[in-house]
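Each remark here refers to the structure printed beneath this line.
The values are calculated or read from the model by the stated rules, or taken from the named source; none is laboratory data. Because the structure is predicted, anything quoted here is derived from the model rather than measured. Quick reminder, even Gly has a Cβ in these numbers, built from the backbone with ideal geometry, and neighbours come from all protein chains shown. The area values use the complete protein model at the heavy-atom level, side chains included, leaving out ligands, DNA and RNA. Shrake-Rupley method; radii C 1.70, N 1.55, O 1.52, S 1.80 Å.
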Amino acid sequence: MKRIELIGVEGLPEVGAPRRPWLLISERASSLPATSSWVAQKIVSKSEGRLIKLADVTAGDDAVRIAERLIAKPDPRMVQIVLDESVRVLRSERTLITETRHGFVSANAGVDHSNVGGQDLVALLPSTLTQARGRLRSRLFELTGVEVGVIVSDTFGRPWRLGIVNVALGVAAFRR
């Protein structure tokens with residue numbers, strides 16, 4: 001029988017650049033029998049400094065026009081950031097559905113303002129998920145001597161459906 005057991009690592013402080021998530025995880029998880037590490041992308045994004053202040057953004061005409069057509073009436077600067085993080089807009093009526101440069105189809109290109117320390121801040125997806133997962137895995141091995149698999153994930157609202165799902169954005173060292 002194959003089994004997956006998830007054990008939360010408690011006591012992690014707020015992550016922000018230049019904090020390194022592998023240090024925080026290895027310090028708190030050393031007593032856990034872990035062979036894998038499941039990390040929310042926001043931790044990776046924060047450690048990479050992938051935060052933007054809305055005050056530093058100027059919304060273009062397209063962002064202003066799209067913001068007016070969306071149900072939530074977001075700040076046009078937020079829409080501008082989403083457009084900047086997208087390679088293609090799939091829907092811009094009622095809900096903004098885009099494709100990220102990583103190839104993910106999601107609402108708002110994964111740009112999120114929750115758990116970032118202020119309404120004026122938004123977090124972007126990690127810049128390179130392949131490097132992020134590999135760096136986390138190799139640093140955890142250096143610190144603990146344990147080979148671990150790494151999953152970097154995010155919650156996605158699914159277009160045209162209710163609810164959210166957790167999506168593995170990047171995976172390292174898992175066998176089929």
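Can you spot a residue in region 128-135 that is within 25 Å of Ser26 (Cβ to Cβ), out of contact with any Pro (no Cβ under 8 Å at 6 or more places or on another chain), assigned to a strand (DSSP E or B) and not aliphatic (A, V, I, L, M)?
Checked region 128-135: no residue is within 25 Å of Ser26 (Cβ to Cβ), out of contact with any Pro (no Cβ under 8 Å at 6 or more places or on another chain), assigned to a strand (DSSP E or B) and not aliphatic (A, V, I, L, M).
May I ask you to verify whether Ile25 is at pLDDT below 95, in a helix (DSSP H, G or I) and under 15 Å from the mean Cα position of the chain (by Cα)?
So Ile25 does not fit the description; no.
Do any residues in region 88-113 that are touching a residue at least 12 places away in the same chain (Cβ under 8 Å) have Cβ atoms under 8 Å from those of residues that are assigned to a strand (DSSP E or B) and of a type in the set (Lys, Arg), where the two are at least six apart or on different chains, and which pairs are they?
Partner pairs satisfying both residue conditions: Ile97/Arg91; Thr98/Arg88; Glu99/Arg88.
Name the residue that is surrounded by the fewest Cβ atoms within 10 Å (Cβ to Cβ), counting only residues in region 119-136 that are more than 30 Å from Pro74 (Cβ to Cβ) and touching a residue at least 60 places away in the same chain (Cβ under 8 Å).
Among those residues, the one meeting the criterion is Arg135.
Please find, among Val146, Val152, the residue that is farther than 22 Å from Lys53 by Cβ, open to solvent by 30 Å² or more (accessible area, probe 1.4 Å) and touching a residue at least 24 places away in the same chain (Cβ under 8 Å).
Every option except Val146 fails the conditions.
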